Amino acid sequence: MPEPARSPTRALLLALYPRDWRARYGAELEGLLAERRLSPAIVFDLLGGALDARLGPRLQPTDNHGANDMNLRHWKTCAASVPQPTVRQSLFGAGLIILATLALTTVLGLLKQKFGPVPAVSALRDSLFTLVIALSCTTMYMHQRSWRAQAVFAIFVMTVTYLIFLAAESI
Amino acid sequence: VAKQEDEAELSGFGRFSEAALLILISLAAGPKHGYAMTEDIEAVAGIKLGPGTLYGALARLEAKGLIEVVKAEDRRRIPYRLTGAGEQALRAQLAAMSAMARLGEGRLANA
């Protein structure tokens, strides 16, 4: 049966999942999504699923309960395709976190001087730690992805995080 | 002790515990692929599992050896079935829930 064309939104949502996860479940999830209208609830559910797949426990089928050969072969292939970060990548990640902290605190200082304690500035102050953690998660868990994918993911997570703090500050 | 371990199989799934239980119940009626599971669960429990939740729970169940893949040609519709360990975990979980339901009903009857 010919596979239907993927919509850009569905493709983007699937791309949020880790590469090894997509290698195992991507085609199935894509098949399931093709049967459903993409409602906001489904988008939200997929975002949660992608976060869980990236930050949750690493899952591998056990071989003592009858997981079949196809599964084990899949997982061995996936495990081999996710290299550990090199020393250079780890040092770059650490440097990036230090630089991001310096940059954000500098921006915060300048904004405080210019605008005072307005909600936008207070939200940046409160979210600063979380923003740096979000950035560090990207460098830790997405080191095998392209720089572009890492940048898009980091900007997306940091923007959403800041907006949540801004909304809380504005209430 | 073995029974408690079987019950703990699902409670360790965190926010995916309910979805995992529903999936096991759905697969107790026979092998199903993802879409068929969501349809069945919605029909019997009135709960529409989101795709992210469904596959989060499926991945955990598969990693624990409670379900396994049935070989299929279409990679977009891979059926799953219960393993022996999955059936045992489901029986233990349902027995614990039945006991709790009886206890609650008994207390309500005496209230």
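The values are calculated or read from the model by the stated rules, or taken from the named source; none is laboratory data. Just so we're clear, the structure is a prediction, and the values are computed from it rather than from any experiment. A quick note on method: Cβ atoms are made from the backbone with ideal geometry, for glycine too, and the neighbour counts reach across all protein chains shown.
Among the listed residues B:Leu66, B:Leu24, B:Leu49, identify the single one that is surrounded by 13 or more Cβ atoms within 10 Å (Cβ to Cβ), touching a residue at least 40 places away in the same chain (Cβ under 8 Å) and at the interface with another protein chain (Cβ under 10 Å from one of its Cβ atoms). I'd like the intermediate steps shown before the answer.
Values: B:Leu24 fails: at the interface with another protein chain (Cβ under 10 Å from one of its Cβ atoms); B:Leu49 fails: touching a residue at least 40 places away in the same chain (Cβ under 8 Å).
Only one candidate passes the filter, namely B:Leu66.
Give the range B:27-39 a look and list any residue that's surrounded by fewer than 20 Cβ atoms within 10 Å (Cβ to Cβ) and under 18 Å from A:Asp45 (Cβ atoms), or say none.
Kept after step one, since they are surrounded by fewer than 20 Cβ atoms within 10 Å (Cβ to Cβ), are these residues of the range B:27-39: B:28-31, B:33, B:35-36, B:39.
B:Tyr35, B:Glu39, listed by residue number.
B:Ala57 - would you say it is in a helix (DSSP H, G or I), facing chain A (nearest Cβ under 7 Å), small (Gly, Ala, Ser) and buried (at least 16 other Cβ atoms within 10 Å of the Cβ)? It would help to see each step written out before you state the result.
Working: in a helix (DSSP H, G or I): yes; facing chain A (nearest Cβ under 7 Å): no; small (Gly, Ala, Ser): yes; buried (at least 16 other Cβ atoms within 10 Å of the Cβ): yes.
No, not satisfied.
If you go through the range B:55-84, how many residues are over 13 Å from B:Leu24 (Cβ atoms) and either among the charged types (D, E, K, R) or in contact with a Ser or Thr (Cβ under 6 Å, 6 or more places away or on another chain) (or both)?
Qualifying residue count for the region: 6.
Would you check if B:Gly84 is within 11 Å of another protein chain (Cβ to nearest Cβ), within 15 Å of the chain's Cα centre (by Cα), surrounded by fewer than 17 Cβ atoms within 10 Å (Cβ to Cβ) and more than 22 Å from A:Leu46 (Cα to Cα)?
On the way: within 11 Å of another protein chain (Cβ to nearest Cβ): yes; within 15 Å of the chain's Cα centre (by Cα): yes; surrounded by fewer than 17 Cβ atoms within 10 Å (Cβ to Cβ): yes; more than 22 Å from A:Leu46 (Cα to Cα): yes.
Taking the combined requirement at face value, the residue satisfies it.
If only one of B:Arg91, B:Arg81 is over 26 Å from A:Arg10 (Cα atoms) and assigned to a helix (DSSP H, G or I), which one is it? Write out each step before concluding.
Numbers: B:Arg81 fails: assigned to a helix (DSSP H, G or I).
B:Arg91 is the lone residue from the list that is over 26 Å from A:Arg10 (Cα atoms) and assigned to a helix (DSSP H, G or I).
What's the number of the condition A:Ala79 fails, among (1) assigned to a helix (DSSP H, G or I); (2) modelled with pLDDT under 55; (3) under 24 Å from B:Asp74 (Cβ atoms); (4) aliphatic (A, V, I, L, M)?
(3) is the only condition that A:Ala79 fails.
What is the residue count in the range B:1-22 for residues that are of a type outside the set (A, V, I, L, M), part of a helix (DSSP H, G or I) and modelled with pLDDT of 70 or more?
Within the range B:1-22, residues that are of a type outside the set (A, V, I, L, M), part of a helix (DSSP H, G or I) and modelled with pLDDT of 70 or more number 5.
It is to be established whether one or more residues within the range B:79-91 are without any contact (Cβ under 8 Å) to a residue 60 or more places away in the chain and among the basic types (Lys, Arg).
yes
Filter the range A:11-38 for residues that are at the interface with another protein chain (Cβ under 7 Å from one of its Cβ atoms), in a helix (DSSP H, G or I) and among the charged types (D, E, K, R); which is farthest from B:Gly34 (Cα to Cα)?
Of the residues in the range A:11-38, the ones at the interface with another protein chain (Cβ under 7 Å from one of its Cβ atoms) are A:25, A:27-33, A:35.
Subset that is in a helix (DSSP H, G or I): A:25, A:27-33.
Retained after the next criterion (residues that are among the charged types (D, E, K, R)): A:28, A:30.
Numbers: A:Glu28: 7, A:Glu30: 11 Å.
Filtering first and then ranking leaves A:Glu30.
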